[in-house]
Structures are given as structure tokens and as C-alpha cells.
1. Collect residues whose amide H, placed 1.01 Å from N in the peptide plane, falls under 5 Å from the amide H of residue B:36; neighbours closer than 5 in sequence don't count.
2. Apply the Karplus curve 6.51 cos²θ - 1.76 cosθ + 1.60, θ = phi - 60°, to the phi angles in the stretch B:193-199 and return the couplings in whole Hz, x for Gly and Pro.
3. Measure off, as a whole percent, the carbon and sulfur share of the 1.4 Å-probe accessible area of chain A, all protein chains present.
4. Can you work out the FRET efficiency for the pair residue B:141 and residue A:67, with r the C-beta to C-beta distance and R0 = 35 Å, to the nearest 0.05?
5. Each residue of the stretch B:154-161 in turn: what ³J(HN,Hα) in whole Hz from Karplus with 6.51, -1.76, 1.60 and θ = phi - 60°, glycine and Pro shown as x?
6. In nm, what does the list of distances from residue A:159 to its counterparts in the other copies look like, shortest first, when each label sits 7 Å along Cα to Cβ?
7. Taking all pairs of different Cα atoms in the protein assembly as shown, averaging 1/r and flipping that mean, what Kirkwood radius in angstroms comes out?
8. Using a 10 Å cut-off on Cβ to Cβ distances, tally the other chain neighbours for every residue of A:93-99 and report the average as a whole number.
2 protein chains.
Amino acid sequence: MSNNSERGADSTASPVQSVDRALAILEILADAGEAGVTDIGAQLGVHKSTAFRLVGSLEARGLVEQTAERGKYRLGVAILRLAAATTARLDVVQEARPFARRLATDTGETVNVAVLNGGAALYLDQIAGSSALQPHNWVGQRVPLHATSNGKVLLSGLEDDQVRAEVGPDLRAYTPTTVVDVDVLLAEVARVRERGHVVVVDELEHGLTAVAAPVRGVHGDVVASLSVSGPTFRFDAAKLARATELVVAAADDSSRRLGHRPTGRVEQTSSN
Amino acid sequence: MSNNSERGADSTASPVQSVDRALAILEILADAGEAGVTDIGAQLGVHKSTAFRLVGSLEARGLVEQTAERGKYRLGVAILRLAAATTARLDVVQEARPFARRLATDTGETVNVAVLNGGAALYLDQIAGSSALQPHNWVGQRVPLHATSNGKVLLSGLEDDQVRAEVGPDLRAYTPTTVVDVDVLLAEVARVRERGHVVVVDELEHGLTAVAAPVRGVHGDVVASLSVSGPTFRFDAAKLARATELVVAAADDSSRRLGHRPTGRVEQTSSN
DNA sequence: CTACCGTGTCGCGCCATGAGCAACAACTCG
DNA sequence: CGAGTTGTTGCTCATGGCGCGACACGGTAG
């Protein structure tokens, strides 16, 4: 094959070409939202008829669907089924969901569940707040650990040297208030450990406030982070205090559902 | 080869075999949660080495991941990213609209889509009926939860104490038939939960009848309410029954579009 | 310890199968 | 009405995917 510099399909060897191309189509559609077979074929570096057949297989399984009788293609609802099955196997999401939902209705803001995954916070679940304007859906996305409330909570379950390893040496500044010094971050993480929650304002994005608390597993280790987030202007001191209280309560309830017995105090993982 | 009774892969011709098999693997993993390549190969009716290669391609894209260095496979987090891209454009109003439109023409009455928002039902969309007597446009308006069909449906997605919190202690009487007792309201909401629909007559406004049914999201939670409403004198018993049936059907169709699977039955709509 | 299952993983060779070509259909734009 | 799209479809060839079998590894029982 001469030139296929269009879409990364060659980097890590993929045993079967057509499957890889089909999956690449899914990613193309995820990025573009919509695309025609000509576009897709161009991006894959294949003939449009090839793209058409691949799309046809995806469509037969409901992973993609075409907008009109003879129109562009986009991701289909079967994806949602798979995603539901993916998170269903994670009992963190299952057990935390009722509490997260209540948290969302009580605060009126968006609730997220995140786990540590490959040096980032991976959002596993989201319950939209009661606000009329829905925020962007973060499920499946990864956000930096050092600039988010969920990230700091997840880091609080690690030892200091593990924290260093996860975040790396260079902390990118997303806003002027982003913590860029590792030692400062460690100090904050330490505070998260003793307080059991954290509030982050304008560190990832200006005008975005979030408060998070840890969800713990049977052994007391941090398995996930539960957060409430919304526009900073909606979080005055009183609401922030109330949201903090509710998030901690919901996280504790979730922890209890996962078999964690709160010994009244936050117990550290080791006994030294 | 003509013996593929293992997994439905034959119904509507899928242009490219390997892709279809790979997608079938995703469904297998979605159902089973975990599976080894031997299992997968058996279910697909192919050699395990074939299954291994297909899984390899899926793994290269992050759609599946193996539990251990040399272990079983399960769905991966890349699915969540795709789902995020899918839900980004998948909002209740847009997906429900075709069914709502159909519902409006079939019943001849006005159809509304509402969501729970800050202790009230917020109307997001409205399709006017064919009758000459048109109600005013309710889009963007908020109506009390305890005196409307949409409100009761939305409440049916909550726990009892959450219902109490949403409606507050004092239920205002808009008409003589408005439910003003919280316990009575809870009983009605409970009936909505088991029946899957609700009829409200003259509770918000004298002479106004409405029937509503819940629209559910991927996780089965109530994300919106779909209703048909009109003057009471136009709703005799027969029309009410028919409207109820149609509303429930339209709501179910909308739910399906949002990825909700009604009491999970495996696909059997093939062979046509 | 050895033999025997089981698993996931990999090399090889045949041929089914997927890819490219080109012609077709439908739809938009001047 | 023609020139430009678009998505769709036979056809044909060789490429890429398949099944076979062997290997590596981890248990378990003898």
C-alpha cells in the first residue's frame, strides 16, 4: 500500500485490516459527528466503495446509522448499549448511580463519576443536573489529574511518589490558577486526604467550579471520585458548603454500598 | 460454510464478513461481560485463532482490553468515548420529535415534551394538534409537578423522599380536583411507576385533560415525559384509551432511540 | 516431578473474500 | 438542461483473512 498517512491505522499492528478500518470509521464519526462515504474513504485512504461496504457492516449492527435515505452517516444507538454494558461491569458505577442521581437532583448541578486511568481521570458516568442548559457530556473523556477536583481526589488515594509518577514532572497550566508546582500539588493532595473532599475553582477552565469526594472500596482504597460541578457564578459560599456536604455524603453512601466500613475516620491504606 | 447457528450474523447480508464478526464479538462481550478467545471462537463458529486476531484488532483500538497479561477479554474504555460522541448530539427533544409529531397527527391533540427542572416540569417542546382550538405555546414554561400528567410521570422516576423534596410540603390547589395531599400524590406516583402512564383531568385547569408516559435513557431512568393534552370534552373514554396507547408507544419509541432497551430481549427483529 | 489438560499466542499456506475499478442513480447547483 | 456532486452496486483479481496446527504457559491431578 502506497500512501495511507490519512488515519493512524499502521502504528500498532492490527491483525485484520478491514476490522481496523471499520473501527477507524467509528473514530472518524466520533470526531466529525457526521460524514459521507466519500469523506470517510478519503480519510482512510481507500476507495469510497470500500468505505461504503465497511459502513454497511457497521450499520447492520446498528453502530452507525444514516441520517437520510441516501445521506451521511453518524454513530448509532448500539454504541450506547455497548457503553452501558461497559460501565455495567464496573460495580462502582452501578452502586454509586442512585446516590449520584439523588445528588444531582438535590444540588441541581451535574454529577460525575471518575476513576484513575493511565495518568488521567477517566469519566465513567454523568448525571445531568436539572439545569435547562445541559453541559457537555464528559463520559469517556479524560481530564488532567492536577487541575480537577476528581483528579485530586483520585490522587489522594496514592502515596506521594505514586502521585509524582502519575502526573509527571510538568504540570500544564490551563488557567492562571492551575497548580503547576508539584510540591504545591502534593500539599493539596495531603489536605484532601485529611479532609475527605476538595473544591476546585477555575483551575481547568475559567468559570468552572467543582467539588469532589472519594469513593472507597472494601479495603478502604480510593476506587473512584464523585463530583458536583457547574458554573462558578452559581456556587456561592452557602451553596458550595451544602454541595460539599452532599457530595461527601453521597460518596460515603457509595463506599458503603461497595463494602467499605467507615471507621468513623478516614483510615489510610498502610499502618505506619 | 453454512452452519452459523451460533451468533446472528446471517440475517441481513453484511458486506464484509470480518468486520461483522468483530462487531459480533463486541455484542458477545456486552452480554457476557467477559470472555476468552476460545469461548468467543465457539460462539462465532470460527477457529479460536480467528477470534484472537479479531480481538486483537479491537484491542488495538481500545474497544476491548484483556483483564490480565494472558487472560480473558472485556469491553474497553474506548467504547465510552464513542458513546460520549453519540450522546453529544442525541438529545431528548430531537429524538422524540418524529414520534411526537406522529402522535400529534394521530390524536389530533397537542403533544408536549417536558423534563424535571428545579421543582417543576419544564416544557421543552410542543407540537400543536390539528384542532382549531389551540392552546398557547408552553415551551419554556414551568408547570407544577403535582397537578400535571407530565409532572407525575417525571416524579415517577424518583424515590418517594425525593418526590417530597421536589414538590415541597404545600401543594397548591389549582382546581377543586387538584391533589393537595402529599401522601395521595405519592400513591398516584406509585401507580404511574407500575402502569407506565398517567391520565390527569382538570387538576391544573378546569377543562384540561392530559395523558403522559415516561421517556427513558440508557440506564432506564426517566429523562423526560411525553404528553398529549387537550380540552376535556374532546376526550371520551374511547379516545382516551387510544391516546394512552399511542402516547406510551411514542414514549417507548423515543426511549429506544435514546438507547434504552425495554426489558432486555436480544434482537429478534431480523430476517426481513 | 511429570503428564495432562486447559488457556492464549503465533507461523504458515490456501483460497475465500474484501478491495478497487467503473458504471449507475439520484440530487443540487447554475 | 448539463456539469458537478453525492451514495450505491456488479464485476474481477489478488490480497488479506481464514483455518490448521504447533507452541508457551498455568494450572491440577497422579
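The values are calculated or read from the model by the stated rules, or taken from the named source; none is laboratory data. Note that the structure is a prediction, hence the values are computed from the model and not measured. In this analysis, Cβ positions are derived from the backbone assuming ideal geometry, glycine residues included, and neighbour counts consider all displayed protein chains. Note: areas computed on protein heavy atoms with side chains; ligands, DNA, RNA excluded. Shrake-Rupley method; radii C 1.70, N 1.55, O 1.52, S 1.80 Å.
1. Here B:73 satisfy the definition.
2. For the stretch B:193-199, the Karplus-derived couplings read 4, 7, 8, x, 6, 8, 10 Hz, x marking Gly and Pro.
3. Carbon plus sulfur share of accessible area: 50 percent.
4. 0.65
5. Residue by residue, the stretch B:154-161 yields 5, 5, 5, x, 10, 6, 4, 6 Hz.
6. 3.9
7. That comes to 25.4 Å for the protein assembly as shown.
8. 1
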